[in-house]
Amino acid sequence: MQRRINNGKGIFLLWLNWIIGSGALTLLIVLSLWVSPKLLPFVAFAMQLALFVLIRRNRESDLPVCYLLPFVVSRILFWSGTIMLIIDLLYNYGIIHRIFPAEEINTQIPFITVLIVAPISMAISGWGKIFKHDLSFCKDCNMRFGSPAERGFLGMLYTQEGQYQLTLLFFMCTGCTLTGWIYYAVMYVNSDLNTPDRFVYIGIPSLLWLASAIYVGIRCIGLWSYYYQNVDVTTRRQGYSTMLRYIMIHDNRICLREPDIDPNTMVSSDCKFDIPVSTNLNHRESMPIEEARRLFRSLTKIDGGDIRFMYATGTGNADCDIFHYLCYLTDEQKQQFDSTNPKCDWYHFQQIAEMLNSHQLNTLFSAEIVRLHTIAMAWKTYTIDGKRRYKIKHYRPTFRICDIKDWDVDFNDTRWLYVANNNEDVPFYRMRLLWRKYVNGVGEFKNTNVQE
């Protein structure tokens, strides 16, 4: 029951994030009517600090929500405040008079806030749209809480809506930028803000924000309704569950089941390569390794398989907890499995990598194989604090599936995912550590996965 309430709250928080994020930008523009231009940059910095605290609190939460928009807005506020502060300093020290003629300067209105905030918002939100899931902020979320596929329906929803809100912000700011600067070039007289000026520079952004708040609210109500009429009904009928997934390895290859293609349909319901052995159980907080071995034996009829725990995915907003295992088979066990599973085949890592790049793999298996390779390479190359094991810069060790059995690496430790992206081979490594800890709103990276 509590998880159901939290999931509904998570959908509501998507709307609240839009209100807070876009509202902060709109509020900064409206406050320019009454707040001195010399104080306005510090108002922007104060708002940025408030969003910083919200992002940090979300990172430490057991029920994280997509805070991509507040993160992007915090960057917009920082750079907007910085630009406004620079303009104020140019006026205070008289430098502006050396750049522009005296008749074009108005010391009472050194800048029009929306003409600074809107272009910066357009640029930063556009930057977010271009990089999408490659943003360091999104990568960090995936490292801490699992990929969208591993987090279930709400994980996919957060990913989709985070990018959608970023796109909406981009188009709104693009409209404000074009309208504001065209009006400035054609109609604006640099003496005072008259009624038409206030409508263009204050009224239009405010009306856009109000309309967007209503629109995003209606959209979130639709998402909430869909969740409770479809996903939640199924979940309540079946109960929250625990999934076990077994990655079978023989020699240097991994076993995958071929897609089930129905010739009578244009689109198959299961048209991706995936592991052949998995099962769903009633929800469990933990899964003893002996129980996992017993279930594997009952599913495959293989006795004595070498089953090892890989990692677990169990965030509070997932549809179910997922336990992932590595299974090493002997020649005899492989032949026994192949004889009863004609639709399964064994693939080398290079073949799997090619299928991954061409989107032929199931999303869960894609997350598993990426994690397997990423952590293995990080463990072989660096220590847990990101230092190189070998004094060879950019050294890349070999990766062979058959060697995994002999490695003493904890795939459940999410810190290795962080090390893979933040290590001594990354430019400005130590500066990045300080920036991440004290500025980025992310904080120290800890192992957040549930234990076996």
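For the reader, a short list of remarks on this structure follows.
- The range 40-192: C-alpha gyration tensor shape, a/c 1.5 cut-off, then a/b vs b/c: prolate
- Straightening the chain between residue 408 and residue 198 buys 69.1 nm, computed as 0.36 nm per residue apart minus the Cα-Cα spacing.
- Straightening the chain between residue 338 and residue 429 buys 28.0 nm, computed as 0.36 nm per residue apart minus the Cα-Cα spacing.
- Straight-line cross-link reach from residue 301 at under 21 Å between alpha-carbon atoms covers these lysines, not counting any fewer than eight positions away in the same chain: 334, 343.
- The residues of the chain have, on average, 51 Å² of accessible surface per residue, using a 1.4 Å probe with all protein chains present.
- Cα gyration tensor category, rounded, prolate or oblate, for the range 285-357 with a/c compared to 1.5: oblate
- Between the residues 160, 286, 31, the greatest Cα displacement towards the positive end of the dipole of the chain, with unit charges on the Cβ of Lys, Arg, Asp and Glu, is found for 31.
- Accessible carbon and sulfur surface of the range 80-221 relative to its total accessible area, %, 1.4 Å: 70
- As a calculated quantity, the FRET efficiency between residue 33 and residue 421 at R0 = 56 Å, using C-beta atoms, amounts to about 0.80.
- Acute angle (nearest 10 degrees) that the helix 363-381 long axis makes with the longest principal axis of the chain, alpha-carbon atoms: 90
- Straight-line cross-link partners of residue 38 among the lysines, defined as a Cα under 30 Å from its Cα and at least 8 positions apart when in the same chain: 437.
- Residue 22 accessible area, 1.4 Å probe, all protein chains in place, Å² to nearest 10: 10
- Our helix-only sum for the chain, with -39,500 (n - 2.57) per DSSP H run of n ≥ 4 divided by its residues, gives a mean residue ellipticity at 222 nm of -17500 deg cm²/dmol.
- Dipole of the chain [Lys/Arg +1, Asp/Glu -1 at C-beta], most positive-end residue of 123, 91, 211: 91
- Across the chain, the mean sequence separation of Cα contacts (distance under 8 Å, 6 or more residues apart), normalised by length, yields a relative contact order of 17 percent.
- Charge dipole of the chain (Cα centre as origin; +1 on each Lys and Arg Cβ, -1 on each Asp and Glu Cβ, all else neutral): 800 debye, rounded to the nearest 20.
- Angle between the chain longest axis and helix 289-300 axis [Cα atoms, degrees, rounded to 10]: 70
- Relative to the longest principal axis of the Cα atoms of the chain, helix 152-186 runs at roughly 20 degrees.
- Computed label-point distance, nm, for sites residue 19 and residue 190 using a 7 Å Cα→Cβ extension: 4.0
- Note on residue 359 and residue 123: the extension gain reaches 81.9 nm, defined as 0.36 nm multiplied by sequence separation minus the Cα-Cα distance.
- Taking a Cβ cut-off of under 15 Å around residue 369, the surrounding Lys, Arg, Asp and Glu residues balance to a net charge of +2, with basic ones at +1 and acidic ones at -1.
- In this structure, the residue pairs whose Cα-Cα separation is over 30 Å, taken from 9/387; 139/272; 272/393; 139/393, are 9/387; 272/393.
The values are calculated or read from the model by the stated rules, or taken from the named source; none is laboratory data. Given the structure is predicted, the values throughout are model-derived calculations rather than measurements. As a convention, Cβ positions derive from the backbone with ideal geometry for all residues, glycine included, and neighbour counts pool all protein chains shown. Just the protein is used for accessible areas: all its heavy atoms, side chains included, with ligands, DNA and RNA removed. Shrake-Rupley method; radii C 1.70, N 1.55, O 1.52, S 1.80 Å.
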